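I have placed the structure first, in the form of structure tokens, so that the comments after it can refer back to it.
Coordinate-derived values only; no laboratory data. Quantities reported herein were computed from a predicted structural model and do not represent experimental measurements. When we count neighbours, we look across all protein chains shown, and the Cβ atoms used for this are built from the backbone with ideal geometry, even at glycine.
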Amino acid sequence: IGASLFDVSGHGISSGLISILSRSVISRNFHRYGDRKLAEVASHINADLVEDIGGLDHYLSGIILRFKSDVVEYVNAGHPDLLYRKGSSRKTMPVKQKEGESRSFFMGIKDIDVDYDCLRFKVLPGDALLFFSDALLETPGADGKPWSVERIAELLQSAPDGSAKEIIGHVMAVAMPPEREAKISDDLTVICIRRK
């Protein structure tokens, strides 16, 4: 029915504890408000996170997806853009509004009112979605240049027309070969969803 990826700021035990707490808050609100607009669900998540962690020096960035038939609803809370690859042409692009910023603000920060935007788009058979934590962008490629969302989009476009696992395998083999993995200083998560 959906998927999400969140990243807590900072490192160490406090960030780990906030991750555990946040997972419960996100899941509870996603299921409790399943009949509401996804932007409203995100606002409920943020309100609960502010109540629980708002006094700490941590915040969350993240992506929330909800699937309804062939439509994807998408909220971005200060996270790297979701990538979309059309199955028919393999054309790949970040999912953004036609005008203005598609990313809303981080979650869990006290005294900041946030209105979350929800984008809706269709996903057809063969289409793929890719999203990842910012650690992928912080680790330089073989050429020494840092990865960008645009460069990751190029990797997704060149990936084979296979399963989600094969697509991730291609992206990671180029972006994060074994000799680069040792240089990762942050948690790395990459998720690919492909419609059959």
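So here's what we get for this one:
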item: Order by protection proxy (mean Cβ within 10 Å, highest first), peptides 70-79, 109-118, 94-103; result: 70-79, 109-118, 94-103
item: Solution diffusion estimate, µm²/s, Stokes-Einstein, region 119-160, Kirkwood Rh from C-alpha pairs, 37 °C, viscosity 0.692 mPa s; result: 273 µm²/s
item: D (Stokes-Einstein, µm²/s), Kirkwood Cα radius, region 25-75, 0.692 mPa s at 37 °C; result: 280 µm²/s
item: Global form of region 1-40, assessed from the alpha-carbon gyration tensor, a/c cut-off 1.5; result: prolate
item: MRE, 222 nm, helices only [DSSP H, n ≥ 4, -39500 (n - 2.57), over the chain, to nearest 500]; result: -10000 deg cm²/dmol
item: Principal semi-axes in Å for region 53-159 [√(5λ), Cα gyration tensor, largest first]; result: 26, 20, 10
item: Separation in nanometres of the label points that stand 7 Å from Cα toward Cβ, at F105 and D187; result: 2.4 nm
item: Reachable lysines, given that their alpha-carbon falls under 16 Å from the alpha-carbon of K165 and they are not under 8 places away in the same chain; result: K196
item: Phi-based couplings in Hz for region 103-118 (Karplus 6.51, -1.76, 1.60; Gly and Pro marked x); result: 8, 8, 7, 4, 10, x, 9, 5, 6, 10, 7, 10, 9, 8, 9, 10
item: Diffusion constant of the chain at 20 °C, which comes from Stokes-Einstein with the Kirkwood Cα-pair radius and 1.002 mPa s, µm²/s; result: 123 µm²/s
item: Under Karplus coefficients 6.51, -1.76 and 1.60, residue-wise ³J(HN,Hα) of region 141-156 in Hz, glycine/proline x; result: x, 4, 7, x, 8, x, 6, 10, 4, 5, 5, 5, 4, 5, 5, 5
item: Those aspartates and glutamates that a straight Cα-Cα span of less than 16 Å connects to K122, excepting residues fewer than 8 apart in one chain; result: D70, E73
item: For region 77-136 versus region 1-58, the gap between their alpha-carbon centres in whole angstrom; result: 17 Å
item: Compactness of region 1-91 - radius of gyration and Dmax, Cα, Å; result: 14.5, 48
